[in-house]
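Peer 1: Here's a structure for you.
The values are calculated or read from the model by the stated rules, or taken from the named source; none is laboratory data. The model shown is predicted, which means the values in this text are computed figures rather than measured ones. All Cβ positions, even for glycine, are placed from backbone atoms using ideal geometry, and neighbour counts span all protein chains on display.
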Amino acid sequence: MTVEAGAPAIRVRQLSKRFEIYRRPADLIRELITRRPRHEVRWALRDVSFELRHGEVVGVMGRNGAGKSTLLKILTGTLERTGGDVEVQGKVTSILELGTGFHPEYTGRENVYMGGLCLGLTNDEIDARIESIIAFSELGEVIDQPFKTYSTGMQARLTFSTVVSADPDILIVDEALSVGDARFQKKCCDKFRSFREAGKTILLVSHSADAITSMCDRAILLENGTVAADGDPSYVTKYYHRMLFGGDEPDAAVPPCDAAPQSGVEPDQVRASGHRCMRYGNGRAAITNLAIHDRDGRPASTVESGSGCTVRFTIIAREDLDDLVAGMLIRDRRGVDLYGTDTLLRGVPVEAVKAGDAVQVVFHLSMWLAGGTYFLTASAARSDGKQYDLLYDGLQFEVTGDRFAYTNSLVNLDVSVEMAPASYSVR
């Protein structure tokens, strides 16, 4: 397939998909005979539009039933659309379900050949790649055993290894890879990065905010078959969390971050860094005066790595609360969660709070993070996770230290090291 110069890798315009649901099989027969509708209409997708550039890594998020899998099936051509247009420039391969196209009675090796042929490879091309496919999957000892004897993780490894060997221009991956072990998931991430560096396009569906923020250039959030958000992964994942944990009650009672200077938030600084503060909850309580204090008890925007400090904020009850849990979370610039805790996890008793009363919350910690920029989230919630008020990325702060606190990673574990002569003999 030739790629048109300047054209996006994928262009979706007003895409819609409708399913006709029959309560009983006989209803379909009655409908055909009487020509009267006896079905219910469910729209899995409605007027979805977006574009993916070549070399872009885009994550798709959404609750179960939001339309994610339907979208991917239409993009890969396995499901017909009801309306709209889809344009794809380049060779597409996909992993939508584990073992798709693999025969349970065939051996792993036979399935690699069958899967490769389905992906458009010739027998000669598969012959040239078979050893590298087996090596990547790490299934050499069982490659000639029936596929049905493989564990779910082993099936995932062979499926992924076969698909990426086709060297696609566009790779579409559903949540199926989440079943792999940590070692396999790391290999997948490394392969995604190599694809990205080679200018290939990746569309990744995941419920993991960490995966979306750490791997993707952009994120799309689907809700009830429509695009609810499209943009920076950090912002979209915050919006996703708002949908999940913000509750069904309107959150207008809680002011947005820009309207809450008493919280210590500096919106201009947050925007300049590429992150945005987001605030949500049902409004039964409000967080104010969010701040970090240094070891001397002074408010600080910069903390030395390894030094003692406190995270402080005040919760004001707007209604009587019989259940209150205060929490904090630290994230890096990419939106990856580094550490979070709350009063329930720390064994602090849940206290009832009367309307109009205020509660001072103080977390004591040693800031063992590498030098860099971080964001602090504060929450006031019920023990079941229902949010009264959540200030997401409410405070930006810096961690400093000599030689970046002696680490090139995110976390400083305060390691000491020794080297001394050792007796050694070769036997």
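Peer 1: Starting from region 263-290, keep only residues that are assigned by TED's automatic domain parsing to the domain that holds Thr310 and part of a loop (DSSP other than H, G, I, E, B), then list their pairs with residues that are at pLDDT 85 or above and surrounded by fewer than 15 Cβ atoms within 10 Å (Cβ to Cβ) whose Cβ atoms are within a distance under 8 Å, requiring at least 6 positions of separation or different chains.
Peer 2: Final answer for the pair search is Gly264/Pro299; Ser273/Thr373; Arg284/Glu319.
Peer 1: Looking at (1) farther than 30 Å from Asn123 by Cα; (2) within 22 Å of the chain's Cα centre (by Cα), which is the only condition Leu96 fails?
Peer 2: (1)
Peer 1: Against the conditions (1) modelled with pLDDT under 70; (2) in contact with a Phe, Trp or Tyr (Cβ under 9 Å, 6 or more places away or on another chain); (3) over 19 Å from Gln396 (Cβ atoms); (4) not assigned by TED's automatic domain parsing to the domain that holds Val163, where does Leu177 fall short? Just the number, please.
Peer 2: Against the list (1) modelled with pLDDT under 70; (2) in contact with a Phe, Trp or Tyr (Cβ under 9 Å, 6 or more places away or on another chain); (3) over 19 Å from Gln396 (Cβ atoms); (4) not assigned by TED's automatic domain parsing to the domain that holds Val163, Leu177 comes up short only on (4).
Peer 1: Of the residues that make up region 124-146, is at least one in the same structural domain as Arg196 (by TED's automatic domain parsing) and part of a strand (DSSP E or B)?
Peer 2: As a first pass, look at region 124-146 and keep what is in the same structural domain as Arg196 (by TED's automatic domain parsing): 124-146.
With the extra rule that they be part of a strand (DSSP E or B), the set shrinks to 146.
Within region 124-146, one or more residues are in the same structural domain as Arg196 (by TED's automatic domain parsing) and part of a strand (DSSP E or B).
Peer 1: Taking the condition out of contact with any Asp or Glu (no Cβ under 7 Å at 6 or more places or on another chain) and in a helix (DSSP H, G or I), does Ala228 pass? Reasoning before the result, please.
Peer 2: Numbers: out of contact with any Asp or Glu (no Cβ under 7 Å at 6 or more places or on another chain): yes; in a helix (DSSP H, G or I): no.
Spelling it out, it is not the case that Ala228 is out of contact with any Asp or Glu (no Cβ under 7 Å at 6 or more places or on another chain) and in a helix (DSSP H, G or I).
Peer 1: In region 156-166, which residue that is of a type outside the set (Val, Ile, Thr) and closer than 16 Å to Ser94 by Cβ is surrounded by the fewest Cβ atoms within 10 Å (Cβ to Cβ)?
Peer 2: Of region 156-166, the ones of a type outside the set (Val, Ile, Thr) are 156-158, 160-161, 165-166.
Next cut, closer than 16 Å to Ser94 by Cβ only: 156, 158, 160-161, 165-166.
Numbers: Ala156: 24, Leu158: 28, Phe160: 23, Ser161: 25, Ser165: 23, Ala166: 19.
The extreme case among them is Ala166.
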